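*Asks:* One structure is given below, represented as structure tokens, and several questions about it will come after.
What follows is calculated from the coordinates using simple rules that are stated; it is not laboratory data. No experiment lies behind these values; they were computed from the predicted model shown. We place every Cβ from the backbone using ideal geometry, glycine too, and count neighbours over all the protein chains shown.
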């Protein structure tokens with residue numbers, strides 16, 4: 001009998017499998033994809049494994065909730081769920097999850113409004129939000145990122161990719177939590193503890209604001225930062241002011257960094273990000 005990937009099986013059936021059966025399936029049986037055998041050791045883990053983080057999954061489709069909950073649970077996460085926008089807000093504020101997976105097409109209150117409210121609430125504004133939706137147009141992506149989403153995944157999706165994206169966003173959040181960690185990107189070196197930036201060994205003189213702007217972007221590598229969020233995190237402005245302040249500082253920062261300015265990417269209509277080299 002040719003085995004198939006675990007996520008290809010009905011989630012309601014998998015949920016009834018004992019841990020021992022699941023473990024034997026992935027450790028003793030190779031998977032065959034397009035005629036090739038691949039290792040599936042990481043597809044399922046021991047249910048007694050320590051919980052890594054709390055994930056809140058918000059979607060009004062029971063089958064999607066089952067699929068996502070199954071794969072995240074077997075990756076070692078604690079999973080809570082909600083089926084509408086009100087539940088998402090209530091559970092995000094009370095349970096304080098480490099990450100939120102949010103559908104856009106929710107009853108009563110859509111996911112974009114939920115995302116916006118979460119980002120304006122001091123208790124929830126720093127929680128990573130991954131939008132998981134069937135709305136795949138560029139406009140939807142831009143609006144989602146502009147409102148503060150950390151990542152955007154479209155349906156149908158690969159459960160394995162979803163788990164990897166969740167792990168990556170949580171790892172990045174852990175790295176950001178330690179602002180004194182030195183960062184190295186090609187010729188660009190950033191040392192927050194010494195307040196020092198060098199390009200090819202040459203010291204770059206930056207103002208305190210320019211340094212903080214660069215450090216925040218580098219710590220959140222790959223994440224799009226809206227001008228409004230940068231104003232709040234770098235300038236610590238809570239009120240609405242002219243966002244051209246950010247553009248002016250970015251222009252000066254790029255001029256000072258010279259060739260290393262290639263790491264600072266403009267996302268038109270949204271904001272800026274520190275570009276992750278492949």
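*Asks:* Extension gain residue 209-residue 194, at 0.36 nm per residue separation less the Cα-Cα distance, in nm?
*Replies:* Fully extending the segment from residue 209 to residue 194 adds 3.9 nm.
*Asks:* Also: Hey, any idea what the orientation-averaged projected area of the convex hull of segment 50-175's Cα atoms comes to, in nm²?
*Replies:* Taking the Cα atoms of segment 50-175, their convex hull projects to 7.0 nm² on average.
*Asks:* What distance in nm separates the two pseudo spin-label positions at residue 185 and residue 244, each 7 Å out from Cα along the beta-carbon direction?
*Replies:* Calculated label separation equals 2.7 nm.
*Asks:* Now for a different question. Order of 96-104, 152-160 by packing, highest average Cβ count within 10 Å first?
*Replies:* 96-104, 152-160
*Asks:* Also, I was wondering about something else. Taking 0.36 nm per residue of separation and subtracting the Cα-Cα distance, what length does fully extending residue 267 through residue 232 add?
*Replies:* Extra length available between residue 267 and residue 232 comes to 10.8 nm.
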